[in-house]
Amino acid sequence: SDELRAGGGFPGTAFLIEFEAGKVKNWEFTDIYALDWKLRGYRPSPEGINRMKSLEYPGQPVEFEIRDANYFPLFHESAAKIDELAQIAGIWKIDLVIGINQKLIEDVIRLVEPIVVEWIQTPLDHTNINTILSLLVESKKSVEGTPKSTVNILAQKLVDKLHITGQEKQALFVFAQH
């Protein structure tokens, strides 16, 4: 994300992935706001977020939401808060939180570029992925679902191409390097 936070960028999208015996058993794409809507009960925000949000929503109580969890400068603290809030939202226990930034996406796409999405006129590669994806999501353009469903479509195309080309292990190595 280009919207920087202490622990990285704004977590606009979440993929909840369940593994069994080393293989993906289930994966669910969701907009971060959809996870926030599942939260119940008052969760006070840290003082820094209170100050920022009270300017945006004067006189309203300020709650700590999943999209705010990347507030902490140490990623493991943000990951612990994401897990805590996800459980409040009724999502299963999270064993691992991985932050995916734009540089990581560029490096993974470089393994299998270009990625072709039928309704995007330009094939996606490491030089244009961030610009095109940001343009589509922020302009609220999508062929199906919400604008962020474009992220899900791209993720599926990328996973499929990594599998077809046998680059899954190399992609995991790229993840580990980041």
Legend entry - Selected residue (only one of Val24, Val97 is open to solvent by 80 Å² or more (accessible area, probe 1.4 Å), of a type in the set (A, V, I, L, M, F, W, C) and either closer than 24 Å to Ile153 by Cα or at pLDDT 85 or above (or both)): Val24
Inset, instruction - Determine, yes or no, whether Ile115 is aliphatic (A, V, I, L, M), touching a His at 6+ places or on another chain (Cβ under 6 Å) and free of Cβ contacts under 8 Å to residues at least 60 places away in the same chain. - result: no
Inset, instruction - Among the numbered conditions (1) in contact with an Asp or Glu (Cβ under 8 Å, 6 or more places away or on another chain); (2) modelled with pLDDT under 75, tell me where Leu16 comes up short. - result: (2)
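Per-residue answers, yes or no, for (1) more than 23 Å from Trp27 (Cβ to Cβ); (2) free of Cβ contacts under 8 Å to residues at least 24 places away in the same chain; (3) not polar (S, T, N, Q):
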position	(1), (2), (3)
Leu74	yes, no, yes
Asp83	no, yes, yes
Ala86	no, no, yes
Ile100	no, yes, yes
Leu104	no, no, yes
Thr131	yes, yes, no
Inset, instruction - Starting from residues that are at pLDDT below 80 and in a helix (DSSP H, G or I), keep the ones in the range 27-52 and report whichever is most open to solvent (accessible area, probe 1.4 Å). - result: Arg51
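Residue-by-condition table, conditions (1) touching a Leu at 6+ places or on another chain (Cβ under 9 Å); (2) closer than 17 Å to Gly12 by Cβ; (3) at pLDDT 80 or above; (4) open to solvent by 30 Å² or more (accessible area, probe 1.4 Å):
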{"site": "Ile115", "(1), (2), (3), (4)": "yes, no, yes, no"}
{"site": "Trp119", "(1), (2), (3), (4)": "no, no, yes, yes"}
{"site": "Leu124", "(1), (2), (3), (4)": "yes, no, yes, no"}
{"site": "Ser134", "(1), (2), (3), (4)": "no, yes, yes, yes"}
{"site": "Ser142", "(1), (2), (3), (4)": "yes, yes, no, yes"}
{"site": "Lys148", "(1), (2), (3), (4)": "no, yes, no, yes"}
{"site": "Asn152", "(1), (2), (3), (4)": "no, yes, yes, yes"}
{"site": "Val159", "(1), (2), (3), (4)": "no, no, yes, yes"}
Inset, instruction - Could you pull out every one of the helices (runs of 4 or more DSSP H) wholly within the range 63-178 that has 1 or more residues that are on the phi > 0 side of the Ramachandran plot and among the aromatic types (Phe, Trp, Tyr)? - result: none
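The values are calculated or read from the model by the stated rules, or taken from the named source; none is laboratory data. Source: prediction; values computed, not measured. Neighbour counts are summed over all protein chains in view; Cβ atoms, including those assigned to glycine, are modelled from backbone coordinates with ideal geometry. What goes into the accessible areas is simple: the full protein's heavy atoms, side chains included, and nothing from ligands, DNA or RNA. Shrake-Rupley method; radii C 1.70, N 1.55, O 1.52, S 1.80 Å.
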